[in-house]
Amino acid sequence: MEGYEHVARQCRPRDRPPTGSAFAVGVCQYVLEALRPQRIYAGRGPVVRLPLLALLAKEPAHGYELKNLLEQTFGEAYPSPNIGQIYVTLQRLERDGLVSSQDVVQTTRPNKRVYELTPAGRDALAAWIEDPSDGPRVRDDFFMKLVLSPLAGATDRLALINRQRRHYLSLMRGLSGLADAHEGGSRTARLLIEGAVLHLQADLDWLQRCQEELL
Amino acid sequence: MIRHVPRPPTVRQDPALLRLVGLTKVFRGDGGAVRAIRGVDLTVDASEFVAVMGPSGSGKSTLLHMIGGLEPPTSGEIWFDGQRVDGLSQAHWAVLRRRSIGFVFQFFNLVSNMTVADNVELAALLGGASRREARARREELLSELGLASKAGTPPARLAGGEQQRVAIARALAGRPSLLLADEPTGNLDSSNSMDVLRLLGRVHARGQAIVLVTHDARAASMADRVINLFDGMVADDAVIRAPVGPPVAAAGVLRLSG
């Protein structure tokens with residue numbers, strides 16, 4: 001552990017990674033990445049952006065239709081973004097030239113804005129689908145806490161690991177309930193839940209390894 | 001004014017089903033002494049479902065074997081149903097197990113030259129049931145566990161998941177107050193594991209106390225309480241609840257899938 005702390009101490013945001021073992025450099029880059037708040041949330045972007053492009057590839061639609069389509073496809077297992085998030089995402093997609101929109105006049109209701117995919121959007125979607133997805137997470141928020149906690153004066157690592165384990169187990173219990181609720185239901189939802197369960201199991205196994213190695 | 005001081009009762013009125021006090025286990029071998037369990041205090045109430053997790057070699061199975069009398073502790077106390085049992089002879093432990101403690105193992109341990117029905121019925125008879133009662137319990141358990149059609153089959157002809165369900169039926173046939181399970185899903189694939197876990201969940205919902213040793217987090221998350229054993233000591237003892245409402249669980253899916 002001392003090695004990690006040493007590296008973490010050297011890793012102030014503006015520093016270059018120190019020369020040393022590839023592993024130490026890797027840890028340092030990881031810490032630098034993780035320290036940038038926008039990075040922590042960056043992973044959420046594609047989760048909503050690209051499914052929206054995929055849905056628009058079929059036919060033009062407005063915000064509420066997209067929200068409903070997302071819910072129909074992924075069921076309860078997928079966290080339904082609220083309509084505000086959908087519109088913000090659509091605006092960003094339009095700013096980036098991936099979708100275009102036009103107002104459709106309605107006589108009895110307010111006008112609605114219908115979005116459609118641009119050729120650039122179609123290319124971005126195709127590129128996303130063809131790209132292999134990210135492998136194991138190299139950034140992990142909890143690991144960052146574990147490595148940096150002594151610098152912040154929080155020295156009880158066992159308490160930190162225990163809290164995290166309780167949290168994971170509680171999520172696991174929630175997922176088991178969700179799995180029971182989807183028993184015999186949508187296959188997409190069941191596979192999504194099973195994937196989350198397997199990831200969570202791996203997170204717990206890794207937590208155990210951290211406990212064995214660091215405590 | 002003189003305050004009334006109640007006298008201590010001569011029989012200990014213990015609300016707990018199981019109580020471990022300062023339990024230790026040292027294995028002495030050629031390579032010296034190994035301190036497998038280093039002072040465990042643990043209380044399990046009737047109808048509680050407790051999971052014990054921890055890395056290999058943390059002492060999980062040793063602890064479970066001591067609770068079930070399969071392994072004598074080096075020091076410390078085991079109280080079961082208000083009675084101190086750590087000093088019992090092997091013969092007394094055998095009687096206690098038949099009547100009050102059910103065991104489920106990773107490798108099923110069914111009697112291979114008896115039918116599924118006889119495996120379960122024998123356990124009921126050993127647990128003190130009359131012949132008629134034993135047959136009734138066997139029929140009830142096998143039908144509840146979806147094994148009625150396999151009653152006349154030898155266990156070896158069954159799939160792993162089915163064998164484990166028979167093993168659970170056998171463990172429950174003596175109407176134990178405590179069910180001990182040692183990695184019951186350790187030898188099963190994912191879907192058979194789910195069947196066995198759902199079964200344990202149903203058994204617990206009827207008020208059965210369970211102590212489950214497992215490295216499978218899905219199994220552990222079925223329990224009300226999860227103990228983390230590390231180097232022969234309790235590193236954590238936590239009540240586990242599901243996050244409130246489905247959105248939180250779904251947020252977990254988002255975080256994990258994103």
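The table that follows gives values for the structure above.
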| item | result |
| --- | --- |
| Failed criterion for residue B:199 (all others in (1) out of contact with any helix residue (DSSP H, G or I) (no Cβ under 8 Å at 6 or more places or on another chain); (2) touching a residue at least 24 places away in the same chain (Cβ under 8 Å) hold) | (1) |
| Those residues of the stretch B:11-35 which are modelled with pLDDT under 90 and of a type in the set (A, V, I, L, M, F, W, C), in sequence order | B:11 |
| Filter pass, residue A:106 being polar (S, T, N, Q) and outside the structural domain of residue A:63 (by TED's automatic domain parsing) | no |
| Failed item in (1) closer than 30 Å to residue A:181 by Cα; (2) within 17 Å of the chain's Cα centre (by Cα); (3) hydrophobic (A, V, I, L, M, F, W, C), with residue B:123 passing the rest | (1) |
| Test: residue in the stretch A:156-165 that is of a type in the set (Asp, Glu), within 14 Å of chain B (Cβ to nearest Cβ) and touching a residue at least 24 places away in the same chain (Cβ under 8 Å) | no |
| The stretch B:163-219 - residue that is closer than 17 Å to residue B:46 by Cβ and of a type outside the set (A, V, I, L, M, F, W, C) and, of those, farthest from the other protein chains (Cβ to nearest Cβ) | B:174 |
| Among (1) more than 27 Å from residue B:195 (Cα to Cα); (2) surrounded by 15 or more Cβ atoms within 10 Å (Cβ to Cβ); (3) more than 8 Å from chain B (Cβ to nearest Cβ), the one test that residue A:189 misses | (1) |
| Helices (runs of 4 or more DSSP H) contained in the stretch A:113-197 and holding at least 2 residues in contact with a strand residue (DSSP E or B) (Cβ under 8 Å, 6 or more places away or on another chain) and either on the phi < 0 side of the Ramachandran plot or not assigned by TED's automatic domain parsing to the domain that holds residue A:64 (or both) | A:119-130, A:157-181 |
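The values are calculated or read from the model by the stated rules, or taken from the named source; none is laboratory data. Since the structure is predicted, the reported quantities are computational estimates derived from the model, not experimental observations. No Cβ is skipped: glycine too gets one built from the backbone with ideal geometry, and neighbour counts run over all protein chains shown.
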